[in-house]
Each structure stands twice: as structure tokens, then as C-alpha cells.
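Down below is the structure, laid out as C-alpha cells.
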Amino acid sequence: MANGRSGPFISEGRDVTVTLITGANKGIGFETAKQLSELGHVVYLGARDVERGEKAAAAIGARFVQLDVTDDASVSGAVAAIGSAEGLLDVLVHNAGILTGDDVDGPTALRVFDTNAVGIVRVTQAALPLLRKSANPTVVTVSSSAGSFWAVNNPDRPEFHVRAALYSASKAAATMVTVQYAKSQPGIKFNALEPGFTATDMTAGFGVGRAPEESAKTVVRLATLPVDGPTGTFQDESGDLPW
């Protein structure tokens, strides 16, 4: 359940920014939640597991909301709780994602795409009414250049050596969905990003990667864009990326 102040807020004249982050009890999502909380955002930390989510939220002064991006009822309930407490949503960060091994079969493909791509659609569609009430609505998708045709075919890029067909394909879909939302929702900024190769539970098998707090900085930058900031882009920490 979510804890929030009572009564709806109106966008104009508010001095708070309400942010929802999916898959935020650890890794890049957690560090993004922490950094945005430190910037003064009212952060709703979304996670499937109640115990882990509540513990993570308490550690950084965020508000926990149970959220499984593969479950329509869970998504609707989470967004409804935020709407009831806050009246709107300013920033949505799609961070939830999974990485499978070398298994390539129908059931695995459905599970990966359901989390990494379809989940973006579920949460975005549920959140659109609240985002439209914001004076500066912003959506950020933590995607990956492992889903970039340019990167995976470039021998000078680390993605060239990554063998994760379903993850890569689902992240290509995640980026495209984000860009298409930018086209269909011109009043809301939608941007996708490559956060950089990061040492998280999801990438533990690779044995390398930088600290999540470093990668979270790019997410935070895109989550705090001004009203006239870019939309429909795919970026990393250095700027726009081809894909």
C-alpha cells in the first residue's frame, strides 16, 4: 500500500514533484529513487515484493507502492493509490526489467517481453491521466543499447559481444514504444536511455560493471528535464545515441 498526503494537488504553483519508479527496490532503480528523493521529489518506490520494497523505501525516505508491471490489477492499484494521495504524477521512470540466460523459447520470450516491453505499456497507459495533470510531465525508460542495431553490430562496442537475444529484442521494443509515445503524446516528454554497463543483481553473471549510483545519474538527468526539454530521444550519459 502507498502512504501519501491526503487530498489532490493541482499542478500550477506546487513546490513538489511526484515521481513513480518501477522495479526500484535495488540496483539502478533504487539509486535513482535515492537521488531524486535527495532532490526533493516525493518518490513512490514500486516493487513486486512488499517486504523488500518497504525496506528499500524506508531506507531513503521514499513511499512504497506494490507494483508488478506484468499484472494489470497491480498496476491499476498502484496508480490509483498515487492518484488518491497526490492527485497527479509528474515523473514516471520505467526501470523494471529482467535478463534471462541463453534460453530462447516461446515461454521465456513471453516472460521477457511482458516485463521489459509490455510492462511499459501497462504502466504508461494507467498513468497517462495523472501525467496529463502535471505542468511538466516526464517519462523515462531505462532501456539498453543491447537493443540497438548500431551497437550490437559495432565491434568497438561492448554490446557486440553480448549474447542475450530476448533481452536485446525486448529492449529494442522498449525504446521504440517510448519513441512512439513521444509522437502520440506531444504534451509529455518521453525519453529512453542506455544507463551504462552496471554491476547489479541482473548482471552479476558478467562479473563487471560500474556502481549503480553512477548509472542512475543519467536517469536523474532525464527525469529532471525542463518543460522545453527533448522528447523522443535515446541517450546515454554523453547525449543522443544511434540505434
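Observations on the structure shown:
- The range 8-77 - percent relative contact order, Cα under 8 Å, separation 6 or more: 28 percent
- Per-pair calculated FRET efficiency, R0 = 22 Å: Lys55 and Ala211 via Cβ, rounded to 0.05: 0.60
- For the range 53-58, Karplus couplings with θ = phi - 60° (6.51, -1.76, 1.60), whole Hz, Gly/Pro x: x, 5, 5, 5, 5, 5
- Over the chain, Cα pairs under 8 Å with separation of 6+ residues give a relative contact order of 20 percent.
- The chain - Rg over Rh from alpha carbon coordinates, Kirkwood radius: 0.95
- Rounded to the nearest 0.05, the FRET efficiency derived from the C-beta distance between Glu237 and Ser76 at R0 = 45 Å is 0.85.
- Residues in the chain average 45 Å² of solvent-accessible surface per residue, probe 1.4 Å, ligands and nucleic acids excluded.
- Within the accessible area of the chain, the carbon and sulfur atoms contribute 54%, probe 1.4 Å, all protein chains present.
- Peptides 217-229, 27-39, ordered by how many other C-beta atoms sit within 10 Å of their residues on average, highest first, read 27-39, 217-229.
- Choice from Pro155, Pro230, Pro129 showing the highest fluctuation, given a GNM over the chain with Cα pairs closer than 10 Å: Pro155
- ³J(HN,Hα) computed for each position of the range 222-228 - Karplus, 6.51 cos²θ - 1.76 cosθ + 1.60, integer Hz, glycine/proline x: 6, 7, 10, 5, x, 4, 8
- Spatial separation of Cα centroids for the range 132-200 and the range 20-72, in angstrom: 21 Å
- A crude spin-label estimate for the pair Lys26 and Ala109, with each label 7 Å from Cα along the Cβ direction, gives 2.9 nm.
- For the range 152-163, backbone phi angles converted through the Karplus equation (6.51, -1.76, 1.60; θ = phi - 60°) give residue-by-residue couplings of 6, 9, 10, x, 7, 9, x, 5, 4, 9, 7, 10 Hz, Gly and Pro being listed as x.
- Put a plus charge on the Cβ of each Lys and Arg, a minus charge on the Cβ of each Asp and Glu, and nothing anywhere else: the dipole of the range 73-166 about its Cα centre is then about 300 debye.
The values are calculated or read from the model by the stated rules, or taken from the named source; none is laboratory data. If you're wondering where the values come from, they're calculated on a predicted model, not measured in any experiment. Glycine gets a Cβ as well: all are built from the backbone with ideal geometry, and neighbour counts include every protein chain shown. For accessibility, only protein heavy atoms count, side chains too; no ligands or nucleic acids. Shrake-Rupley method; radii C 1.70, N 1.55, O 1.52, S 1.80 Å.
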